[in-house]
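To keep things clear, I will list the structure first and then write my remarks on it.
The values are calculated or read from the model by the stated rules, or taken from the named source; none is laboratory data. Source: prediction; values computed, not measured. Virtual Cβ from ideal backbone geometry, glycine too; neighbours counted across all protein chains shown.
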Amino acid sequence: MNKKAIFMFFLCFLLLKTIFTLSADQRVGNIEIYLVLDKSSSMIEEIDSVKEYVTESIINKLVLEGDYFLLVPFYGKTDESYNGYINSKIDITRLQNNISEIEADGLYTDIGNALNYLRKNIITENELSRKYMLLITDGKQEAPPDSIFYSPDGSFNHEFLANTKEIQKKGWKIVVMGIGTNTAAKEIAEELSAGYKNVSELSTAQEISDTLDDFLGRFDIVSFNKNIELDKNGIGTIDLEIKGEGFSEIKDIKINEILMNYNDNKSNNILNTPFTFNINIDETLKVSIPVNITPRDDEYPANIIFVFEGENAFSPSVISLNIKNNKGISFYYYIIIIFVISFISYFAYRIWQRKRLEDDNNSNESKKGEI
């Protein structure tokens, strides 16, 4: 391949990437962005790159007037920062200033408290606008002892898990970015049923931007079958229609687990093996996911929680379904079968009785003839 052909190929690639990757001036309608930034002291070497990325790649390139923005810097506590609509260039400047003032000087890393603050302080009531959440951290859950999210070993306690379930139901696109290797970002992404991405320590703003270049791209459930019909062995399918948009290439979505929560009991995995499918740019795809559910009542409601692996996830990650068990032949079928058997038996008996009567008559006629 000569140099001219290589140049033309590279030019076409850049053109396609530009066309199919959403930016602020290409999208229609306003969005909501929830930005949760770790500002604990361990982020001191990365915070400048993170702030530069947020300013250049999100605020300057993605945000439009009319968008809603909630900025949540956190450490052991959660700071009040920007929370409101972007109504003018003055608001853009104020948001940029708030970002520039963030310093990595806090003790502890209470991610649970930051998510709780975010959930309770959203002021928008627009259910139709699309919502995007980005959480960036280089650490693990390390809440101070006085936090309700504290656990001695840094694990996710009950309050943390209950809080994430409230967020899962909202239908946000959620991305958790981990910086470095000593981070619980992947585990947090799994608990939030979110996409997960990772960059190395001391990454530049451009490296972070390259990793999050499709931040506005998303996958959404546009419809699903609200009833799961199970056979007598508890086998059924979850049927979804998923639409992807704003991506520059085909994406894979891998579901590691599907957790079913019934009557507020402990969730159990109903997916036998991980399920993977790919989806094209701007495609609506029908997906049937096989599940195995231990039979309970004949019919009951349940919450279904999807747990993803990797950077791609669809929204919402929690849906409510109705489970219907088919335990074999129903009571009504038994009634019908009994009726049919009885009907056949009755006519068989009548035929036998008539045949016997004819035989008796013939026998009597024969005896009279002999006399």
Exercise for the section: Could you tell me whether any residue of the range 58-69 is under 30 Å from PRO145 (Cβ atoms), out of contact with any Cys (no Cβ under 9 Å at 6 or more places or on another chain) and assigned by TED's automatic domain parsing to the domain that holds LYS131? Expected result: no
Handout entry: Selected residue (only one of THR273, THR284 is without any contact (Cβ under 8 Å) to a residue 12 or more places away in the chain and of a type outside the set (A, V, I, L, M, F, W, C))
Key = THR273
Problem - Residue among SER193, SER223 that alone is out of contact with any Phe, Trp or Tyr (no Cβ under 8 Å at 6 or more places or on another chain) and within 23 Å of ILE319 (Cα to Cα) - result: SER223
Exercise for the section: Considering only residues that are basic (Lys, Arg) and either assigned to a loop (DSSP other than H, G, I, E, B) or in contact with a Pro (Cβ under 7 Å, 6 or more places away or on another chain) (or both), look in the range 152-177 and name the one that is surrounded by the fewest Cβ atoms within 10 Å (Cβ to Cβ). Expected result: LYS169
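So which strands (runs of 3 or more DSSP E) stay within the range 276-326 end to end and still have 2 or more residues that are hydroxyl-bearing (Ser, Thr, Tyr)?
284-292
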Handout entry: Elements of type helices (runs of 4 or more DSSP H) in the range 37-151, at least 2 residues being among the small types (Gly, Ala, Ser), under 25 Å from LYS170 (Cβ atoms) and under 25 Å from the mean Cα position of the chain (by Cα)
Key = 111-120
Handout entry: Matching residues in the range 208-234 - criterion: being touching a residue at least 60 places away in the same chain (Cβ under 8 Å), under 22 Å from GLY246 (Cβ atoms) and not in a loop (DSSP other than H, G, I, E, B)
Key = ILE208, SER209, ARG218, PHE219, ASP220, ILE221, VAL222, PHE224
